[in-house]
Structures are given as structure tokens and as C-alpha cells.
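Taking it in order: structure first as C-alpha cells, then the write-up.
The values are calculated or read from the model by the stated rules, or taken from the named source; none is laboratory data. Nothing here was measured: the structure is a model prediction, and the numbers come from that model. Glycine gets a Cβ as well: all are built from the backbone with ideal geometry, and neighbour counts include every protein chain shown. These area figures cover heavy atoms from the full protein model, side chains too; ligands, DNA and RNA do not enter into them. Shrake-Rupley method; radii C 1.70, N 1.55, O 1.52, S 1.80 Å.
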Amino acid sequence: MDYLSVNQAGWNDRAVTHFSSDFYDVTGFLAGATSLQEIELASLAVQGKSLLHLQCHFGLDTLSWARLGAKVTGVDLSSVAIEQANILAAQTQLQAEFICSDVYQVGERVSGQFDIVFTSYGAIVWLPDLDKWAQTVASKLVAGGQFYMVEFHPAHGLFEGYSYFHHPEPDIEDEVTYTENAGDKTNTFASWSHSLADVINALIKAGFEINQFNEFPFSPYNCFEGLSEEVVEVELPDGVKSCKRYFVEQKGQRVPLTYSIMATKKP
């Protein structure tokens, strides 16, 4: 199966739907709001640094990092998403480079190395080989550079019928997208499960030192079924903010919904 072509077609279609959704709130972003969430904002300082954002969709987070002082490059498989990202960069007059590429081709298609490589929320499930992914990340970082990822926790996938552990063959599904304007239209996608051990060991093998690993009992996005909502006051670098958190409980205990990893490329 040519999973790249299948997933690219699906994400090209989704990019159009997502761009006009309330979920992504492009209008709010153009008015000055950030698309970044409390987890990454509390963890990553980007002022004056070069940042490569892998699987950036149509660039809202990439451009939000640019607003915080980073020199940004965004990469995504979807050509439609990259076109939309370039439009947003022009509208906001933010300096950014956007490149259409599969993650595994980034070494050939993106020049130079970066101070930071960033990826987030629902990215690695589209990749069959995490060892190759981690090696690609390492190849694009300067010695001593930072890799930061924040992802949905694979334990939650068990409640939706997915394996916690990796299998070489992908899950092939026809899916309705997660934004409120999706309607009934479906797209076909190929995806893979990856355990926490898969992620951490791939980074270690690629020459990273794991500096920090965190798990969170909430998601900043209301993108799963059966989530409850709460609003909390959070201390962030630019002050105290009210943040929405979405959570689910199993027998009265909250389920881990997200995790983050900070790693350094060894000299």
C-alpha cells in the first residue's frame, strides 16, 4: 500500500475543512491569538532560535512560535496545507518558510540544521518507523539542540479500540475528521500505534539525552468522544491564563491523555 499517497490525499481534503473550522479558529489567530497550548508554552523558550516544525498542518503553531521570536520552518505532507500556511504567513507578515515533504525526506528537502525541532498532537501515528523518524530529527538539529514533542497518550487509544503496542501493518480506516464542520464525509487513512517505550527508545538510539518526560491527565483539545471540560488558571511565561482542559475518568480516576518529551542532541 502506498500509505503516503493515501494519507496525503486525506490530509489535503482535511486541510480545506479545518481551515474554515471553529476548532482551528483562523480568524482568532489572524486577530493575534496564539494557537499554542499551555503544555508547550510552559516548556519551550524559542526567542532568537531557529525552529523546525515537523507535520505542521497549515502552520498555525509554526507561526505562533514565530510571533514568540523564533525563526521558523514548517514541514507537512499536505500540499494544500502548505499553500494555506504560506497565505497565513503573508497575511500576518510573519517570516516563515513552509516546505511540502514527507517526514522521512526532510533530510534531503530541508537545508541546514536548527536549534529546536518541534512536533505535536497527533503527529507520529502517521509514521510507520520511529527509529527512522528519530534519526531524521537528530540530523536536523545542531549539536546540543533541543527536541520537544507533545503528543496524545497511547493509553487512551485502548479505549477507542487501538493497540497500545506497535504492529508493522497499519490500521486502515475511513474516518470523519474531528472538527465541528466535518459533516459525514470520510477519508481513508493509514496509521500506526506507538508505545511510550517505542518513542523514548527511538530517541535514545538516535543519540538523544532525555531531559524531561511528563504525562498529563487532560487534553487541551476536545477531540475525543466522552470528554468533560474544566477551566483552570495556569501560570505561563506571559502571565496567568485561563485554559480549557478536557478529561475522561475510568472508575473515578483520570486517564492520561497527553505526554511531552524534552530531549537534547548529544554533542
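Hey, among Val176, Val142, Val150, which residue is more than 29 Å from Asp22 (Cα to Cα) and among the β-branched types (Val, Ile, Thr)?
Answer to the selection: Val142.
Across the range 82-91, what is the number of residues that are buried (at least 17 other Cβ atoms within 10 Å of the Cβ) and either of a type outside the set (A, V, I, L, M) or touching a residue at least 60 places away in the same chain (Cβ under 8 Å) (or both)?
Number satisfying all stated conditions: 2.
Out of Val231, Val199, I need the residue that is out of contact with any helix residue (DSSP H, G or I) (no Cβ under 7 Å at 6 or more places or on another chain) and not in a loop (DSSP other than H, G, I, E, B). Which one?
Only one candidate qualifies: Val231.
How do the pairs read when you match residues in the range 146-175 that are closer than 25 Å to Ile261 by Cα with residues anywhere that are open to solvent by 90 Å² or more (accessible area, probe 1.4 Å), using Cβ under 6 Å and keeping only pairs 6 or more apart or on different chains?
Taking only residues 6 or more apart or on different chains, the pairs are Tyr164/Leu158.
If Val75 passes every condition in (1) buried (at least 19 other Cβ atoms within 10 Å of the Cβ); (2) touching a Phe, Trp or Tyr at 6+ places or on another chain (Cβ under 6 Å) but one, which one does it miss?
(2)
Which condition does Ser195 not pass, out of (1) without any contact (Cβ under 8 Å) to a residue 60 or more places away in the chain; (2) open to solvent by 40 Å² or more (accessible area, probe 1.4 Å), if it passes all the others?
Tallying (1) without any contact (Cβ under 8 Å) to a residue 60 or more places away in the chain; (2) open to solvent by 40 Å² or more (accessible area, probe 1.4 Å), Ser195 fails exactly one: (2).
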